[in-house]
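Values quoted throughout were computed directly from the atomic coordinates according to the rules given, and no laboratory measurement underlies them. What you see is a predicted model, and the numbers here were worked out from it, not measured in a lab. Reconstructed Cβ throughout: ideal geometry from the backbone, glycine too, with neighbour counts over all protein chains shown.
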Amino acid sequence: MKIFFMTLTAIYGLFWLVFGLNGFLHFFPVPEPTGEAAEFMQALMKAGYVMPIVYTTQIICGIMLLSRHLVPLALLLLGPVVMNVLLYDLFLNPSGLIIGVAISIFYAALLFKSRNAFLPLFNINQGEFS
């Protein structure tokens, strides 16, 4: 099982690293969205800062996952990205839903594997202010 999660972490890290770098370097084409999906993406691009932050987060988290250092932190940072990809595909781009579902399943598996790192966040009886 350890080899399975090591492989899954490496594949997931490589996915985020490649797509984050592609956001800056454009070394492979990404299908252009249409309709409301295109309007949404244009708004994000027009803001000027959103997509560079997303791509940078993907690159940093991809490196963290590939190196297997700070995996829980990488998963924490990727949470909003994964959720937005899934919701974007679900509501605006149903043809890409398979990608959103796949990265969400990978994310859930890695989150489950790292669950012990997150359990202290849910301990409401022992806190700094209690």
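Given the options 72, 120, 80, which has the most mean-square fluctuation in a GNM of the chain, springs set between C-alpha atoms less than 10 angstrom apart?
In this elastic network of the chain, the residue with the biggest mean-square fluctuation among 72, 120, 80 is 120.
Return the sequence-ordered ³J(HN,Hα) values of region 106-116 in whole Hz as given by the Karplus equation 6.51 cos²θ - 1.76 cosθ + 1.60 applied to θ = phi - 60°, using x for Gly and Pro.
Rounded to whole hertz, the list is 4, 4, 4, 5, 5, 5, 4, 4, 9, 4, 5.
In Å, what is the Rg of the alpha-carbon atoms in region 55-130, and how long is Dmax?
Rg and Dmax of region 55-130, Cα atoms, are 14.8, 49 Å.
Mind jotting down the distance between the C-alpha centroids of region 1-62 and region 72-123, whole Å?
So the separation of the two Cα centres works out to 13 Å.
So what are the ³J(HN,Hα) numbers for region 89-95, from phi and the Karplus equation (6.51, -1.76, 1.60; θ = phi - 60°), rounded to whole Hz, Gly and Pro as x?
5, 5, 9, 10, 9, x, 5
Mean separation of Cα pairs under 8 Å and 6+ residues apart, divided by the residue count of the chain: what relative contact order is that in percent? Could you put the intermediate results ahead of the total?
Working: 101 pairs, mean separation 36.4, N = 130.
Contact order relative to length: 28 percent.
Taking R0 as 35 Å, what FRET efficiency do you get between residue 6 and residue 95 from their Cβ-Cβ distance, rounded to the nearest 0.05?
Working from the Cβ atoms, E equals 0.60.
With no solvent and one equal point scatterer per Cα, compute the Debye intensity ratio I(q)/I(0) for the chain at 0.21 Å⁻¹ and report its log10, rounded to two decimals.
The Cα Debye sum returns log10 ratios of -1.29.
If you build the convex hull over the alpha carbons only and average its shadow over all orientations, what do you get for region 13-90? Give it in nm² to one decimal.
That works out to 5.2 nm².
How would 82, 101 line up from fewest to most surrounding beta-carbon atoms within 10 angstrom?
101, 82
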